[in-house]
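In what follows, a single structure is set out as structure tokens and then discussed.
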Amino acid sequence: MLMDRDREAATETDMVDPAFRADVLSGLAARPRAIPARWFYDRRGSELFEAITALPEYYPTRTERAILAEAAPAIAERVGAGRAVVEFGSGSSAKTPLLLGAVAPSAYVPIDISGAFLRASAAALGARFPGLPVHPVEADFMRPLTLPRSIAGTPRLGFFPGSTIGNMGPQAAVGLLAAMADTLGEGALLLIGIDRIKSPTVLVPAYDDAAGVTAAFNLNLLHRINRELEGDIPVDRFRHVARWNEAEARIEMHLEAREACRFTVAGRAFQIGAGETIHTENSHKYGPRDARLLLRAGGWQPRAEWTDAEDRFALLLAEA
Ligand code: AVI
């Protein structure tokens, strides 16, 4: 999930994203303090996220890839040939070749907010699947969007891997699923990756790895604030915290102040007490029934489901 490379390019020419500024200032002033996770993904944050996906403790990426590789023939049978595959938040499109190789699509439409990265990965996929029309769409899939005219009338298969849906609260997730159903149209299918609820002994290390990569990913947000919003947050006085919230069935990431400190961001003064936190991410997990209910609430009928032997992660196929 590489979202903000273009934004970073803009900051290199001294432009500040007003939405970043607004989210940070209101998030630091709010109680509890919270900054949306989308701001993790500047260039460094995107690199750190890629590193996270290869960590031994971070099971979702490799588990989903293994499920996809094994289930590809069954998925192809259910999906049939000739659909246009529309990938939401395509990022590095790392799992896409497995799907495209199996379902014989008529076109591939990657959607991503990062134009430069989108074009690079679209070109790589085009080279790998010569003859497959690739139509990249540079857009924020969280907002209403229009698909290219070239796939008008073609049945669609939406692809939303990685359990990115988990980074939204259930209500926002339902809203996004409904918007995807609208975008993809009648008769569409959706293949979505959803992370399962499991023991905190597995979940917490996945978000607090021994090598400290996830800690660096979380703390990078403070470095980004300092760099882009003229902040002087003493980053070394904060530590990364990952905790399982049982009631909400989610991993929460926080930045906790080790000691009380004062700092300024964009000319505004803030203070934080020892042990207080800035909430930076939620990663919701779903049981089998929860996942199906979520899809139904978003206007999708679950049709098939594939998991790994330990039921850590699930790929669900649903119909609009
Ligand atoms: C992008 N998203 C699905 C990741 C997750 O697992 O919630 C983001 C992440 N945060 C820390 N590690 C990975």
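The values are calculated or read from the model by the stated rules, or taken from the named source; none is laboratory data. Since the model is a prediction, treat every value here as computed from it, not as a measurement. Counting neighbours? That spans all protein chains shown, and the Cβs are built from the backbone with ideal geometry, glycine included. The area values use the complete protein model at the heavy-atom level, side chains included, leaving out ligands, DNA and RNA. Shrake-Rupley method; radii C 1.70, N 1.55, O 1.52, S 1.80 Å.
A few notes on this one:
- Theoretical FRET efficiency, 1/(1+(r/R0)^6), r = Cβ-Cβ of Asp236 and Gln271, R0 22 Å, to 0.05: 0.85
- Relative contact order computed over the stretch 172-287 (Cα-Cα under 8 Å; 6+ residues apart), in percent: 24
- Taking every protein chain into account, the accessible area of the chain amounts to 43 square angstrom per residue (probe 1.4 Å).
- Pairs of C-alpha atoms in the stretch 55-174 farther apart than 25 Å represent 23 percent of all such pairs.
- Building the convex hull from the alpha-carbon atoms of the chain and averaging its projection over directions returns 15.9 nm².
- Annotation: the antiparallel percentage among DSSP beta bridges lying fully within the chain is about 65.
- Summed side-chain charge close to Glu256 - residues other than Glu256 whose Cβ falls under 11 Å, Lys, Arg +1, Asp, Glu -1: +3
- Across the alpha-carbon set of the stretch 17-119, the Rg to Rh ratio works out to 1.09, Rh being the Kirkwood radius.
- Once the gyration tensor of the Cα atoms in the stretch 104-194 is diagonalised, the equivalent ellipsoid follows with semi-axes of 22, 16, 12 Å, ordered largest first.
- Charged neighbours of Gly169, selected by a Cβ distance under 11 Å, balance to 0 (K, R count +1; D, E count -1).
- The mean sequence distance of close C-alpha pairs (under 8 Å, at least 6 residues apart), as a share of the length of the chain, puts its relative contact order at 20 percent.
- When a 1.4 Å probe is rolled over the protein heavy atoms, the share of accessible surface on the chain that falls to carbon and sulfur comes to 51 percent.
- Site pair Met142 and Ala116 shows an inter-label distance of 2.2 nm when each label is modelled 7 Å from Cα along Cα→Cβ.
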